[in-house]
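For reference, the structure is listed below as structure tokens.
Every number here is computed from the coordinates shown, using simple stated rules; none is lab data. In this text, all values refer to a predicted model and were calculated from it rather than measured experimentally. When we count neighbours, we look across all protein chains shown, and the Cβ atoms used for this are built from the backbone with ideal geometry, even at glycine.
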Amino acid sequence: MTAPTAPVAPVRVLLADDNAVLRMGMASLLASDPRITLVAEAENGLRAVELAEEHRPDVVVLDVRMPEMDGVAAAARMPSGTRILMLTYSEEPEVITTAMASGAHGYLVHGAHSPEEILDAVMSAARGMSVFGPAASAVLLDPARRAAVPPGSGPALPGAAAPPTGPGSPAAALRARRYGLTPREVEILDLMAEGRGNRDIAKDCFLAEKTVKNHINRIFTKLGVTTRGEAISLWLRPPS
């Protein structure tokens, strides 16, 4: 008779990002995965360090550009044994190199990975693997910059060469078909998930702000939601 296996404890994650809308969407994404428990959220690097000391998470997901203390400085102050995954819009080689030199075990750029790949990256980091997206991988392959990176930072792991999540990508196309979204609505939803307001979206898409509002109202109807946060949460949720 086979002995029952003990349940695997969820990975405990701390999330830090100063963009409240983006943080809410990421928190919802993390909470949607039964393998993960979101133990705390921080709006700046200093608070992230304090909460990490208090909760001792398995993985800390950090943005780079935050007030009080940036994510790179926070990474260097995390408790021993905590795995650090940078998730940010910053692609500058200098920032990537400094983050890895400060102890980051992974570096992903928003928009270069699907929600499913982000969740898998968190799990990989928790298992002790290094997870680097295309931008960070390019730094690792540059001999001049490689010297500044700690030994053991391996090449990009699954997800590094993943397609973007923007309009036309497989992940976005699947969600668009599910909800009957047009390419323009997908584009606007992606910008909403980045924390952009209607005025910025209008500028990026070369639309009138009223037209953007009309698109968002149609998006709400198709998704069956009534708020921006609900729309972003549903859009970032991995397909079941």
**Prompt:** Looking at VAL11, ALA40, LEU87, which one has the Cα that reaches farthest to the positive end of the dipole of the stretch 1-112 (charges on Cβ: Lys, Arg +1; Asp, Glu -1)?
**Reply:** VAL11
**Request:** May I ask you to derive the relative contact order of the stretch 170-236, considering only C-alpha pairs under 8 Å and at least 6 residues apart, and to give it as an integer percent?
**Result:** 33
